[in-house]
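K.L.:
First the structure, then my questions, so here it is.
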Amino acid sequence: MKENQTTYAILGLLTTECRTGYEIKQLIDRSLNHFWKISYGQIYPTLQKLVNNELATVNSVAQTDKPDKKEYVITTKGKEVLQDWLREPIKQLPSERNEILLKLFFSSQQEKQLTISQLKNAQQKLTERYHMYCGIEDSISNSPSPDRTYWLITLDYGKRTTCASIEWCKDTINKLYDEEAHNL
């Protein structure tokens, strides 16, 4: 089986309380989506591949006035594959596509005030993201999940990088104001 990172993400999600594609997508939207994007269009084919390769099982569960739902459970083989992947060294550090940096790189082509305005807007959005992370942290802190410590560590990374980005925006705005004052 050709495996990709989505395969491991879905295997990992099957170790939580998630059993259906819908539940998996809900948890992705509340957690992984902040650092790993997975769409519905990836979830169901990946679940089918996991079943075909005996890394998960699927059972149909009858529902009243609704179609049967499919519940997936990770198998022992699936847990072994996940654990083998977790033990592998990190192959590459993340590199991000960053619209702020891309626009800033070419900002000599626009008015400096517009660049400053865009940076202030980015700073505001980052501040909102930070507050959202704080709310998620409160929710996770009250969770009885055995994954709680690792979820909080992952969230801490998001909070710290967001804080660093907010500070970078502030510093960059100040540099642009200083340069503008110097050129007067």
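K.L.:
With the cut-off at 20 Å, tell me which of the pairs Lys37/Lys70; Lys37/Lys120; Lys25/Lys70; Lys112/Lys159 have Cα atoms farther apart than that.
P.N.:
Lys37/Lys70; Lys37/Lys120; Lys112/Lys159
K.L.:
When the chain is fully extended, how far beyond the present Cα-Cα distance does Gln124 get from Ser95, taking 0.36 nm per residue of separation?
P.N.:
8.1 nm is the gain from fully extending Gln124 to Ser95.
K.L.:
Lys/Arg Cβ at +1, Asp/Glu Cβ at -1, dipole of the chain taken about the Cα centre: which of Val81, Gln109, Gln48 is farthest positive-ward?
P.N.:
So the residue we want is Gln48.
K.L.:
What does the extension gain come out to for Glu23 and His131, with contour length at 0.36 nm per residue minus their alpha carbon separation?
P.N.:
Extending this stretch completely gives an extra 36.4 nm.
K.L.:
If you don't mind, there's one more thing I want to ask. Quick one: check the C-alpha center-to-center distance for the stretch 151-184 versus the stretch 90-119, whole angstrom.
P.N.:
If we compute the Cα centre of each part, the gap is 12 Å.
K.L.:
Only four residue types carry charge here, +1 at the Cβ of Lys and Arg and -1 at the Cβ of Asp and Glu. Report the dipole size of the chain about the Cα centre in Debye, rounded to the nearest 20.
P.N.:
For this selection, approximately 300 debye.
K.L.:
While we're on this one: What 222 nm value per residue comes from the helices of the chain, counting each DSSP H run with n ≥ 4 as -39,500 (n - 2.57) and dividing by all residues, nearest 500 deg cm²/dmol?
P.N.:
Roughly -21000 deg cm²/dmol at 222 nm, from the helical runs in the chain.
K.L.:
Could you give the length gained by full extension between Ser60 and Tyr177, i.e. 0.36 nm per residue of separation minus their alpha carbon distance, to one decimal place?
P.N.:
Length gained, Ser60 through Tyr177: 35.9 nm.
K.L.:
Suppose R0 equals 35 Å; then what is the FRET efficiency for Glu80 and Trp168 from their Cβ-Cβ distance, rounded to the nearest 0.05?
P.N.:
0.25
K.L.:
With an 8 Å cut-off on Cα pairs and a minimum separation of 6 or more residues, tell me the relative contact order of the chain in percent.
P.N.:
16
Where a number appears in this text, it was derived from the coordinates with a stated rule and is not lab data. For clarity, every value in this text was computed on a predicted model and none was experimentally measured. Backbone-built Cβ (ideal geometry, glycine too); neighbour counts: all protein chains shown.
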